[in-house]
Amino acid sequence: MEQRHLGRTGLRVSRIGLGTLTWGRDTDERDAADQLKTFWEAGGTLVDTADVYGDGEAEYLLGQLMEGLVPRRDLVISTKAGSVPDPDRRVDGSRGHLLAALDASLARLGTEYVDVWHIHAYDPDTPLEETLQALDLAVSSGRARYAGVSNFCGWQLAKAATWQLAAPGIRTRLSSTQLEYSLLQRGIEREVLPAALDLGIGLLPSSPLGRGVLTGKYRNATPADSRGASEHLAPFVAPYLDDTASRIVDAVQTAADGLAVTPLQVALAWIRDRPGVAAPIVGARNAQQLTAALSVETLSLPDEICRALDDVSAPVHRYPDHDWSTL
């Protein structure tokens, strides 16, 4: 699998990442092991997790598999901290919480360091410089090699990255940002993407297949074994089952038919090769699904197909998102 630099850093990652959102909950140890082995054998390196995935079980399971299945040195482990299961406070970006969460993640993963450590979300109740200091301490102590953020909007990302760049050699440059991005969700192109491109921050798109909808599996009905039929994941899929999404899914199917490939391959190739993207993070239910996603490695979409998909899925840009003189 082709390797790409993560933003403006020397770290190289596989251009498809493996997500572990459902590990330890919907994905058991056997399926997780099959996925990790399949991913590793295909040349994949970037594995993404978080301290809240499966209430910590995803990290623990990954740690167990690294111990006996795949060498730690062959993987680029990315994890996140900051989300908390508290109805009164969903995010805690305090330095104390973040560093304690990192130590707990390292214990579950069974490793002395993570390759990339992300702040899971912006915390409006904690000074940003305190949150970012946790990143600096994590890197300076060797517990993390690189640092990033997740789910920051445009101004938040730009402010954080600029703060870090203001003291080179003292503060840790942001390597990456992780947000939802697909043909069904192009909102980051308004402000986050321009900021990331300008600041040299690599994009790690989550839900690159539109929460599974872009595979076309929901075109006629909801499969009984799909996330859309799952009691706790159905609300996650539902926003992308409207008429607007249907038009985009139909366009992806048309492109797939013309290229003699699958809709999954078309949608994933499109997002993988967008400007600024380092690696889409793919979550699969089993190794068979993951193999289907990894088959995109040999596919590059023709320019005319990309333009057609760009047009049918184009987000609405209004003042002042883009150059005011074009409005």
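The values are calculated or read from the model by the stated rules, or taken from the named source; none is laboratory data. Quantities reported herein were computed from a predicted structural model and do not represent experimental measurements. All Cβ positions, glycine included, derive from the backbone under ideal geometry; neighbour counts span all protein chains shown. The area values use the complete protein model at the heavy-atom level, side chains included, leaving out ligands, DNA and RNA. Shrake-Rupley method; radii C 1.70, N 1.55, O 1.52, S 1.80 Å.
Which ones in the stretch 277-292 are more than 17 Å from Thr22 (Cα to Cα), small (Gly, Ala, Ser) and within 15 Å of the chain's Cα centre (by Cα)?
Hits for the stretch 277-292 are Ala278, Ala279.
Give the residue that is modelled with the lowest pLDDT, with candidates limited to residues of the stretch 62-76 that are open to solvent by 50 Å² or more (accessible area, probe 1.4 Å) and under 18 Å from Ser105 (Cα atoms).
Across the stretch 62-76, the extreme among qualifying residues is Glu67.
Within the stretch 161-177, can you find the residues that are open to solvent by less than 10 Å² (accessible area, probe 1.4 Å) and either in contact (Cβ under 8 Å) with a residue 40 or more places away in the chain or under 19 Å from the mean Cα position of the chain (by Cα) (or both)?
Answer for the stretch 161-177, where residues must be open to solvent by less than 10 Å² (accessible area, probe 1.4 Å) and either in contact (Cβ under 8 Å) with a residue 40 or more places away in the chain or under 19 Å from the mean Cα position of the chain (by Cα) (or both): Ala161, Leu174, Ser175, Ser176, Thr177.
Go over the candidates Thr79, Thr27, Thr49 one by one and state the one that is hydroxyl-bearing (Ser, Thr, Tyr), farther than 19 Å from Thr111 by Cα and open to solvent by less than 50 Å² (accessible area, probe 1.4 Å).
Criteria check complete, one pass: Thr27.
Please go through the stretch 106-138 and give me each residue that is open to solvent by 40 Å² or more (accessible area, probe 1.4 Å), outside any loop (DSSP other than H, G, I, E, B) and within 15 Å of Thr79 (Cβ to Cβ), ordered by number.
Scanning the stretch 106-138 gives Ala107, Arg108.
In the stretch 247-275, what residues are open to solvent by 40 Å² or more (accessible area, probe 1.4 Å) and either within 23 Å of the chain's Cα centre (by Cα) or modelled with pLDDT under 95 (or both)?
Across the stretch 247-275, the qualifying residues are Thr262, Asp273, Arg274, Pro275.
If you take the residues in the stretch 178-206 that are in a loop (DSSP other than H, G, I, E, B), open to solvent by less than 30 Å² (accessible area, probe 1.4 Å) and not aliphatic (A, V, I, L, M), which one is farthest from Ala314 (Cα to Cα)?
My answer is Gly200.
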